[in-house]
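Participant: Mind having a look at this structure? Questions to follow.
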Amino acid sequence: MNLNLRHAVISNVTGNSQDQLEDTIVDAIQSGEEKMLPGLGVLFEVIWQNANEQDKQEMLTTLEQGLKK
C-alpha cells in the first residue's frame, strides 16, 4: 500500500476555515498520540513554505525559546 501522507493530510484540510484548522491542530496536540505528529509536520511544512523571511525568523525564535530548559 503506497500512501502519500502529505497528499492525504492536505486533502483532508483543504478548504477548512481558520477555526477548523485550529481545531485540527489543537486536537492533534491535546490527544498526545504519536500518530498525529506526521500530520502536524505536514501542516508546519505548508506554513514554512508560505512564510516570508520575517515570519520564518519569528517561528525559529519561538521554537528556540520553547526548547530552552
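Participant: Explain nothing, just compute: Karplus ³J(HN,Hα) = 6.51 cos²θ - 1.76 cosθ + 1.60, θ = phi - 60°, for every residue of region 8-17 in order, whole Hz, x for Gly and Pro.
Facilitator: Running phi through 6.51 cos²θ - 1.76 cosθ + 1.60 with θ = phi - 60° gives 5, 5, 4, 4, 5, 10, 4, x, 6, 6 Hz.
Participant: With N denoting the number of residues in the chain, provide Rg(C-alpha) divided by 2.2 N^0.38 Å, to two decimal places.
Facilitator: For the chain, the normalised Cα radius of gyration is 1.23.
Bear in mind these aren't lab numbers, they're just calculated from the coordinates by the rules spelled out. If you're wondering where the values come from, they're calculated on a predicted model, not measured in any experiment.
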